[in-house]
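A short worksheet on the structure shown next.
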Amino acid sequence: MIEIRNLSLDVGGFRLEDINLKVESGEYFIVLGPTGAGKTILLESIAGLHPIKSGEVWLNGREVTALEPEKRGIGFVYQDYVLFPHLSVRGNILFGLKQTKRPKDELRSRVDWIAGLLGVSHLLGRKPETLSGGERQKVALARALSISPQVLLLDEPLSALDPHAREEVQQELRQIHRRLQATIIHVTHDFEEAIALGDRIAVLGEGRIIQVGTPEQIFRQPNSEFVARFAMSRNIFSGEVRDGGYGETIFAVEGTELAVVTPLRGKAHASLRPEDILISQEPLISSARNCLRGTITRIDNRGSTIYLTVSTPLDFVCLVTRRSFEELNLAQGDEVYLTFKASAIHVF
């Protein structure tokens, strides 16, 4: 288990401020945020690479705030691999193990086992310069895991990979976590990556923790406009919540009234995910309490999916599959109907 208590520090003019996090043993924990949010600095602080101005870092019930990095039992993998070019793959994996002063047979056995786990046994005699990006990342993971770290820190491990390699290494990370029950802290700016891998997610922005929760909570229940935008809700409005007729609750924004489900009243924000909006050419008969007529004003083609901006006159961004788009024969300027549930709107 890792616990960070009231952590603050300054690095090159950037400040992490009042960071409090608790990562359970065996948890795959994601730190998610935009470039410049302080994600790497947070990882390096946990690893002991920066002097901490105030606060504490605890690892498995022991305070390690002032402990040297090499004594913390932490594995660290950077996005650019940082492999030793003059060493073979075997030599890279052995590097940290040699410091443990174990018998040679035990070291060899450990390298063979971890190489098998990561699927790089056939690469042990190769030099890093001859490897693909995905292979280098696997070797970097093997080197970090070889010392049986108490926690594995991953700094944007998939960002430098092509789509195929990214998917392959992502599967390896799932397998490692499942087989070793490792405690992992993984930082990324990719929301889909966070959703795919994380047990829980902390959203970091401008050196502060903004929200911590399960992927579903971050995805469906953002606590701020920052998180809603980063989670790609796309439809984010500022308005006012008030009581409507027949016991309904209304969110009013720019002359449009939306039925919502919330105990809040007064000025608030609302977010609605594009995939929660049904688009049709005629009004739908359904239990959904929101149905608006509008005009398609923009079409963004993303290959298998398409984003449509519909003006009602309030602008909504909707997500449709290519098949639905083609079946409906939609085009810019078409009049359509938008239908969505009151419960699909998150008010905060």
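Read-outs throughout are calculated quantities, based only on the coordinates presented, and are distinct from any laboratory measurement. Nothing here was measured: the structure is a model prediction, and the numbers come from that model. No Cβ is skipped: glycine too gets one built from the backbone with ideal geometry, and neighbour counts run over all protein chains shown.
Using the Cβ-Cβ distance between residue 275 and residue 8 with R0 set to 30 Å, the FRET efficiency from 1/(1 + (r/R0)^6) comes to roughly 0.20. The residues packed around residue 244, meaning those with a beta-carbon under 11 Å from its beta-carbon, carry a net charge of -1 if Lys and Arg are +1 and Asp and Glu are -1.
Shape class for region 74-158: oblate, because the ratio a/c of the largest to smallest gyration tensor axis (alpha-carbon atoms, square roots of eigenvalues) is 1.5 or more and b/c is at least a/b.
The slack in the chain from residue 302 to residue 24, taken as 0.36 nm per residue of separation less the alpha-carbon distance, amounts to 96.3 nm. Using only the Cα atoms of region 2-225, build the gyration tensor, take square roots of its eigenvalues as a ≥ b ≥ c, and label the shape rounded, prolate or oblate: rounded if a/c is under 1.5, else prolate if a/b is larger than b/c, else oblate. It is prolate, given that a/c is not under 1.5 and a/b is the larger ratio. From its DSSP helices (H runs of at least four residues, each -39,500 (n - 2.57)), the chain gives a residue-normalised ellipticity at 222 nm of -7500 deg cm²/dmol. Eigenvalues of the alpha-carbon gyration tensor of region 179-289, scaled by 5 and square-rooted, set the equivalent ellipsoid semi-axes at 32, 18, 13 angstrom, largest first. Place a label point 7 angstrom from the Cα of residue 311 along the Cα-to-Cβ direction, then list the residues of region 265-298 whose backbone nitrogen is under 11 Å away. Residues 295-298 qualify, since their backbone N sits under 11 Å from the label point.
Can you give the local net charge around residue 130? Use residues other than it whose beta-carbon is closer than 15 angstrom to its beta-carbon, Lys and Arg +1, Asp and Glu -1. Within the 15 Å Cβ shell, the charges total +3. In this simple spin-label model, placing a label point 7 Å from the Cα along the Cα-to-Cβ direction at both residue 216 and residue 126 gives a separation of 4.1 nm. Cβ-Cβ distance of residue 84 and residue 109, R₀ of 25 Å, FRET efficiency by 1/(1 + (r/R0)^6): the value works out to about 0.70. If a spin label sat at a point 7 angstrom from the Cα of residue 225 along the line to its beta carbon, the backbone N atoms of region 306-348 nearer than 14 Å would be those of 348.
The percentage of C-alpha pairs in region 233-347 whose separation is greater than 19 Å is 44%. Within region 99-215, the ratio Rg/Rh, alpha carbon atoms throughout and Rh by Kirkwood, equals 1.00.
Which residues among region 254-298 fall inside the zone where the amide N is under 14 Å from a point 7 Å beyond the Cα of residue 246, along Cα→Cβ? Label zone hits: 259-260, 286-291.
Comparing mean-square fluctuations of 287, 238, 25 from a GNM of the chain with C-alpha springs under 10 Å, the top value falls on 287.
Where a ≥ b ≥ c are the square roots of the eigenvalues of the C-alpha gyration tensor, would you call region 1-75 rounded, which needs a/c under 1.5, or, failing that, prolate if a/b is larger than b/c, or oblate? Oblate, since a/c reaches 1.5 and b/c is not below a/b.
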